[in-house]
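Participant: There's a structure below that I have some questions on.
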Amino acid sequence: MGYELHITRARDWVESIEHPISVEEWNDVARGHPALREDGVIHWSDIGAQPVFSITGDDGRGASLTWRHARITVKGDYGDAVQETVLALAEELQAMLVGDEGERYLTDGRCEVLPPRAEAQQPAPKRRHRWFRGRSSH
């Protein structure tokens, strides 16, 4: 599997379901965008058939975009023109373009590496009471 980008409203693309882009919203935006063309369907075992949209840059390189699990996944070998269009789509959806490793691509051409999220606070292990120390279990 290659490296993928994700259009998501979540800080981390794996949490997209918590900040969803609906399939209806995506299909409306994609079908209305002049640079995208509907290019068949993909059949997912969990959600059924979903349209695949494609985009090709002036250099002939392109990408496919598919919706699943409340985000849009971008796959392909593409150049700057395609990435700029994908960034504009993310902005139109009030979302971000995020890489598999959590980096966020910005409209000014920069890439922002976000620090890892702090692990959810785990409750501290319960301390044994002093009366328990040294007691045998017989």
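Derivation of every value follows stated rules applied to the coordinates shown; laboratory data play no part. Quick caveat, the model's predicted, so the values are computed rather than measured. So basically every Cβ, Gly included, is an ideal-geometry build from the backbone, and we count neighbours across all protein chains shown.
Participant: May I ask you to derive the FRET efficiency for Leu106 and Glu18 from their Cβ-Cβ distance with R0 = 25 Å, giving the value to the nearest 0.05?
Facilitator: Rounded to the nearest 0.05, the efficiency is 0.65.
Participant: Would you list Arg9, Arg31 from fewest to most Cβ contacts within 10 Å?
Facilitator: Arg31, Arg9
Participant: Using a 10 Å cut-off around each Cβ, can you sort His43, His6 from fewest to most neighbouring Cβ atoms?
Facilitator: His43, His6
Participant: If you don't mind, there's one more thing I want to ask. Note the full-extension length gain between Lys75 and Ile47 as 0.36 nm times their separation in residues minus their Cα-Cα distance, in nm to one decimal.
Facilitator: So the extension gain works out to 8.1 nm.
Participant: Still on this model: Order of Leu106, Leu65 from fewest to most other C-beta atoms within 10 Å?
Facilitator: Details: Leu106 11, Leu65 24.
Arranged by neighbour count, lowest to highest, Leu106, Leu65 become Leu106, Leu65.
Participant: Sum up the charges of everything whose Cβ sits under 11 Å from the Cβ of Gln94, counting Lys and Arg as +1 and Asp and Glu as -1, but leave Gln94 out.
Facilitator: Residues close to Gln94 contribute a combined charge of -2.
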